[in-house]
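Report on one structure; see the data block that follows.
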Amino acid sequence: MNVWQPESGETLLARAPVTFATGAAPHVRGMRWFRDAERNDIQHDLQGWPEGPSFSPRSSGDTVAHRLLRGAAKVTGASVMAALGAAGGNISTPSSADSGSDTPSDPANEVDDFPVMWAAPDTVARTLPWQLDPGRADQKHWRTHLIVTDRRVLVVQLPYDGKKLEAVDDEILWQIPRTEVAAVEPRNFKEGEDFTIAFTDGSWCRLSCRSRRQLTRYLMRAPELLSVADLNPAQRKAVLDYAREIEMPGSVTPVITRNSCGHLNVDILLPDRLTSAFGASEENIVLDEEGCEVAFSDYHPEDL
């Protein structure tokens, strides 16, 4: 098995499964488009891409019917869940780490249309791999992960087996230097799992990730990384005690960043928790100036 590793002196910051996003508004639900700067469909012009589904936005009548069907399905589902709960069933549903919103922040690109690639010819977004597209890639047997380091952003593909999640065999599909990332913006419409990456040449993409916070907090700004030796004695002791508590291997180095409020974020990515389904799982602690753990209720916005 081949697990991607950073180069000497390079720090792995985050890794999680991603795909191109999918429309959620009734007009574009379940759809996505690949556009140029004039909003033309370019999916047939993308070099090396296999044919994929072509979508047409729903008409007003179709949208109303679709909304009614979804409403009926939700009512039925809620009734079934209530019945199972009343019968003593242990019912749980997956949730995102981020909160969604019923209010679109960009109606033109979330309600009327849903581009997941916006790219003029010869721009970075056009180089993204087709394997990110759920309409083209076999999601039952393959996953794509986005990897963020202090130097690069990469996309790898790996096999997926629901019975062997720990089996990781990476193939690099795409990579760029961090310097080509101009901005990253969370998109909260509906599920709160989407985010856009804008590149320095004006192109952008919209991706979806259930562990969005892990990726975006390190993508949105290039962090100033600290070593344990950079900390004051109380903070240093707290980090080393925490590393022992979670049995951090000697080959792993904590990712330590100082937030603008003065708190320290300490993320430790444990190799034995890397899976094809969830990517790299982190152990995390936030410390104050005295080396005391900050309770979640006392987090500042920049700590998240």
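Restricting attention to region 86-106, does a residue exist that is modelled with pLDDT of 95 or more and of a type in the set (A, V, I, L, M, F, W, C)?
no
I'm told Ala277 meets every condition in (1) surrounded by 14 or more Cβ atoms within 10 Å (Cβ to Cβ); (2) under 22 Å from the mean Cα position of the chain (by Cα); (3) in a loop (DSSP other than H, G, I, E, B) except one. Can you identify the failing condition by its number?
The one condition Ala277 does not meet is (1).
Would you be able to tell me the number of residues in region 195-254 that are within 12 Å of the chain's Cα centre (by Cα) and basic (Lys, Arg)?
Residues that pass the stated criteria total 5.
Residue by residue, here is whether (1) modelled with pLDDT of 95 or more; (2) over 15 Å from Phe20 (Cβ atoms); (3) surrounded by fewer than 17 Cβ atoms within 10 Å (Cβ to Cβ) holds:
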| position | (1), (2), (3) |
| --- | --- |
| Val184 | yes, yes, no |
| Gly202 | yes, yes, yes |
| Ser211 | no, yes, no |
| Arg217 | no, yes, no |
| Ser227 | yes, yes, yes |
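Taking only region 160-216 into account, find how many residues are over 16 Å from Ala277 (Cα atoms) and in a helix (DSSP H, G or I).
Final tally of qualifying residues: 5.
Tell me which residues, restricted to region 237-272, are small (Gly, Ala, Ser) and free of Cβ contacts under 8 Å to residues at least 24 places away in the same chain. Spell out the reasoning first.
The initial filter retains those residues of region 237-272 that are small (Gly, Ala, Ser), namely 238, 243, 250-251, 260, 262.
Within region 237-272, Gly250, Ser251 qualify.
Can you tell me which residue in region 158-194 is farthest from Thr123 (Cα to Cα), limited to those that are under 17 Å from the mean Cα position of the chain (by Cα) and basic (Lys, Arg)?
Lys190
What is the one condition in (1) assigned by TED's automatic domain parsing to the domain that holds Pro17; (2) aromatic (Phe, Trp, Tyr); (3) surrounded by fewer than 17 Cβ atoms within 10 Å (Cβ to Cβ) that Tyr299 does not satisfy?
Looking at each condition in turn, Tyr299 falls short on (1).
Please pick out the residue among Gln157, Gln175, Gln235, Gln214 that is closer than 18 Å to Val286 by Cβ, assigned by TED's automatic domain parsing to the domain that holds Ala25 and either of a type outside the set (Gly, Ala, Ser) or touching a Ser or Thr at 6+ places or on another chain (Cβ under 9 Å) (or both).
Of the residues listed, the single one that is closer than 18 Å to Val286 by Cβ, assigned by TED's automatic domain parsing to the domain that holds Ala25 and either of a type outside the set (Gly, Ala, Ser) or touching a Ser or Thr at 6+ places or on another chain (Cβ under 9 Å) (or both) is Gln214.
For region 243-272, give me each residue that is under 21 Å from Asp288 (Cβ atoms) and either among the charged types (D, E, K, R) or not in a loop (DSSP other than H, G, I, E, B) (or both).
Scanning region 243-272 gives Ala243, Arg244, Glu245, Val255, Ile256, Thr257, Arg258, Leu264, Asn265, Val266, Asp267, Ile268.
When the residues of region 273-285 are narrowed to those that are out of contact with any strand residue (DSSP E or B) (no Cβ under 6 Å at 6 or more places or on another chain) and in contact (Cβ under 8 Å) with a residue 24 or more places away in the chain, which ends up farthest from Arg143 (Cα to Cα)?
Here the answer is Leu274.
The values are calculated or read from the model by the stated rules, or taken from the named source; none is laboratory data. Quick caveat, the model's predicted, so the values are computed rather than measured. Here Cβ is always computed from backbone atoms with ideal geometry, including for glycine, and neighbour counts include all displayed protein chains.
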